[in-house]
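Engineer: Supplied in structure tokens, the structure appears directly below.
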Amino acid sequence: MRICALFLLLVTAVMAQGKADDLTRRFWDDYYFHFNPTQGTSAGFHEYDAKLEEFSKAAVDAQVQAARKFAKEFDASPDFPDRDLYISRLQSDLLALEVVRSWQTNPDSYSSGISGSVFTIMSRNFAPQEQRLRSVIARELKMPQVLRDARVNLKNPPKIFTEVALEQIPGIVSFFQTDVPSAFDKVTDKKLLADFHASNKAVIEALQSYEKFLTTDILPNSKGDFRLGADTYRKKLLYDEMVDIPLDRLLKIGYENLHANQKAFIATAKKIDPNKTPQQILDDAEKDHPPADQLLQSFRDVLSGLTAFIREHHIITIPSTVPPIVEETPPFARALSSASMDTPGPYEKVAKEAFFNVTLPEKTWTPKRVEEYMGVFNRGVITSTAIHEAYPGHYVQFLWVPSAPSKARKLLGCGSNAEGWAHYTEQMMLDEGYAAGNMKMRLGQLQDALLRNARYIVGIEMHTGKMTYEQGVDFFVKEGFQTRDNGRREARRGTSDPTYLVYTLGKLEIMKLREDYKQKKGSQFSLQEFHDSFMKQGFPPIKIVRRALLGDNSPAL
């Protein structure tokens, strides 16, 4: 009888696993990549390269129906590993489609979206140029329809959203006019090039027409409210990051960390020079940068020092001895960032190299403009940027992700883990002795921390109606120690990126997890073992990592 019971249990378990496997397979094939083919390209599944997201109302409705259907199936299924990740993703999508409705309120999601879909094909040499150009053409043929759908969908967007879209479009047009053709400069097939010129010309014309439409029809009627409201904000945090902490307590935590960093910033500035204000010291720091023609080498030099320190001090296991390739940002990405890490998706089988892109001053700039720009790359910022983007930040985490235990752990990550980890490493490396005694470097790290503190608080306060956009700008300047120009840029970002608190939120969650793990391990605790154990989980919400490392559901903060 006991043998029969065990056999039945085994059969039941096998059947349940089979159902779970079928459900997750259908989630990826029939839902996730079906509605997000650009994500398929990014992940390394190139059967999606010729497809493009659809934005018609019918397509939006179809995705809503599919999300509801899968949500019911996952809710009804027995528990299995990563089930909660799938459910959270579906809840997040439904919130975005039915409540936030950026497809109806954000004009930039269309014009920037189509440029991003081409960028994923251009940026990596996963196939010969001819093959990738065919995929670009296939996507470009669908882009005019995307912009036609935008005309039907857009209803009373917030004015700031329309203004941002209009600011972006000239650069996007230039991207298609210049950068896309230059990315395929080795193609010689005349028929293929003719097809490309035709499809590319149609996209450019559609974008120019869209710009006129936004200017004449949408901007005068852009009177919507960008604020999510407290209930939607709370749900977004819950579904995206699995954070269920009440907003008033989250704010209290954010202010406490802000005040602690402000105090440390002022104390550090006094150690550097008690006769100068912190701002004067920051101004001096911005003048300490390498010549523009030595910037790439400066980053390479920092990387080698970081990896040596990490290995010598047993910070984390670096799965590969191959460093990212430090290079000038390709022309088609220079308008988007000053520094970035371009890593292949976890399922990419060909283009496995990673690129640490750094944007250099343009050769046409005046000496004054070059000097102003290079202030962004003072030596302290070079180091913190290298830590955040590469060692042991995003690049090291990327090296671990392909070995994550499941497809969900490889692909369904969250910002509070990925950005939280990269931000955490900036402070952790200095705490562990990197650049010991260099107060200017510590000051730079603290200024970056204050920037993220301000994002944390402004995002919550603006979207819950307690702070206006203008008050958000002032907060970045007065409390975050940022320039007013950067304060405007950051507050504007917060209108459409409401949960950009993930940097500080994730950092604090990781620091608490580290302390809790240290208590659990006692004398057996090892910083490297903790970091390695953290990396093995992929990049899911910290709540899931805590469960794996601590074996319980104790609070993340």
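Engineer: Work out the FRET efficiency for Arg26 and Lys212 from their Cβ-Cβ distance, taking R0 = 30 Å, and round it to the nearest 0.05.
Structural biologist: E(calc), rounded to 0.05, equals 0.10.
Engineer: Fully extended, how many nm does the chain gain between Ala138 and Glu362 (0.36 nm per residue separation, minus their Cα-Cα distance)?
Structural biologist: 77.4 nm
Engineer: Could I ask something else about it? Return the FRET efficiency for the residue pair Arg493, Lys190: r is the Cβ-Cβ distance, R0 is 51 Å, and the value is rounded to the nearest 0.05.
Structural biologist: Using R0 = 51 Å, I get an efficiency of 0.70.
Engineer: To the nearest whole percent, what portion of all C-alpha pairs in the chain is separated by more than 34 angstrom?
Structural biologist: Summing the P(r) tail past 34 Å for the chain gives 43 percent.
Engineer: May I pose another question? Holding the Cα-Cα limit at 23 Å, pick out from Lys236/Lys263; Lys190/Lys363; Lys252/Lys478 the pairs that are longer than that.
Structural biologist: Lys236/Lys263; Lys190/Lys363
Engineer: How many nm separate the modelled label positions at Arg311 and Asp552, each set 7 Å beyond the Cα in the direction of the Cβ?
Structural biologist: 3.9 nm
Engineer: A further question follows. On the first, second and third principal axes, largest extent first, how far apart are the outermost C-alpha atoms of the stretch 318-462 in Å?
Structural biologist: The principal-axis extents, from largest down, are 50, 38, 35 Å.
Engineer: While we're looking at this one, here's another question. Modelled label-to-label distance, Gln528 and Ala127, 7 Å Cα→beta-carbon offset: nm?
Structural biologist: 4.2 nm
Engineer: Follow-up question, since we're still on this one. Calculate, for the chain, the solvent-accessible area per residue in square angstrom, rolling a 1.4 angstrom probe over the heavy atoms of the protein chains.
Structural biologist: On a per-residue basis, the chain sits at 46 Å².
Engineer: Just want to confirm a number: the relative contact order over the chain, from Cα pairs under 8 angstrom separated by 6+ residues, in percent. Could you put the intermediate results ahead of the total?
Structural biologist: Working: 716 pairs, mean separation 81.1, N = 557.
Averaging sequence separation for qualifying contacts and normalising by length gives 15 percent for the chain.
Engineer: Give me, ordered by chain and number, the residues 5 or more places off Thr329 or on other chains with an amide H under 5 Å from its own placed amide H.
Structural biologist: Result for Thr329 returns Val358, Thr359, Leu360.
Engineer: Moving to a separate point now. With the full set of protein chains in place, find how many percent of the accessible area of the chain is carbon and sulfur; take the probe as 1.4 Å.
Structural biologist: Answer for the chain: carbon and sulfur cover 54 percent of the accessible area.
Engineer: Same structure again: Could you work out the per residue convex hull volume over the alpha carbons of the stretch 156-195, in cubic angstrom?
Structural biologist: Spelled out: Cα convex hull of the stretch 156-195, divided by residues, is 75 Å³.
Engineer: OK, next. How far apart, in nm, are the 7 Å Cα→Cβ label points at Lys276 and Glu515?
Structural biologist: Once both label points are built, they end up 3.4 nm from each other.
Engineer: At q = 0.11, 0.16, 0.20 Å⁻¹, work out log10 I(q)/I(0) for the stretch 99-188 with the Debye formula, treating every Cα as an identical point scatterer and leaving solvent out; two decimals please.
Structural biologist: Once normalised to I(0) and log-transformed, intensities are -0.36, -0.69, -0.95.
Engineer: Mind putting a number on the dipole of the chain about its Cα centre? Charges go on the C-beta only, +1 for Lys and Arg and -1 for Asp and Glu, and I need it in Debye to the nearest 20.
Structural biologist: The calculated dipole for the chain is roughly 740 debye.
Engineer: Let me ask another. Below 8 Å between Cα atoms, with a sequence gap of 6+, how large is the relative contact order for the stretch 366-441 in percent?
Structural biologist: About 35 percent, as a whole number.
Engineer: Kindly identify the stretch 156-265 as rounded, prolate or oblate by the Cα gyration tensor criterion: order the square roots of the eigenvalues as a ≥ b ≥ c, call it rounded if a/c is under 1.5, otherwise compare a/b with b/c, prolate if a/b is larger, else oblate.
Structural biologist: Note, shape of the stretch 156-265 comes out prolate.
Engineer: Is any helix in the chain, taking whole DSSP H runs, at least 30 angstrom long along its axis by alpha carbon and on average at least -0.5 on the Kyte-Doolittle scale, and which ones? Write out the running numbers ahead of the final one.
Structural biologist: Numbers: long enough: 2-26 (36 Å, 0.66); 190-213 (34 Å, -0.26); 247-272 (37 Å, -0.17); 439-463 (36 Å, -0.10).
Span-like helices here: 2-26, 190-213, 247-272, 439-463.
Engineer: Taking 8 Å as the Cα distance limit and 6 or more residues as the minimum spacing, I'd like the relative contact order of the stretch 358-505 as a percentage.
Structural biologist: 23 percent
Engineer: Let me ask something else. Using a Förster distance of 25 angstrom, determine the FRET efficiency expected from the C-beta separation of Ala351 and Asp283, and round it to 0.05.
Structural biologist: Rounded to the nearest 0.05, the efficiency is 0.05.
The values are calculated or read from the model by the stated rules, or taken from the named source; none is laboratory data. Model, not experiment: these values are computed from the prediction. Cβ: placed from backbone, ideal geometry, glycine included. Neighbour counts: every protein chain shown. All accessible areas refer to the heavy atoms of the entire protein, side chains included, with ligands and DNA or RNA removed. Shrake-Rupley method; radii C 1.70, N 1.55, O 1.52, S 1.80 Å.
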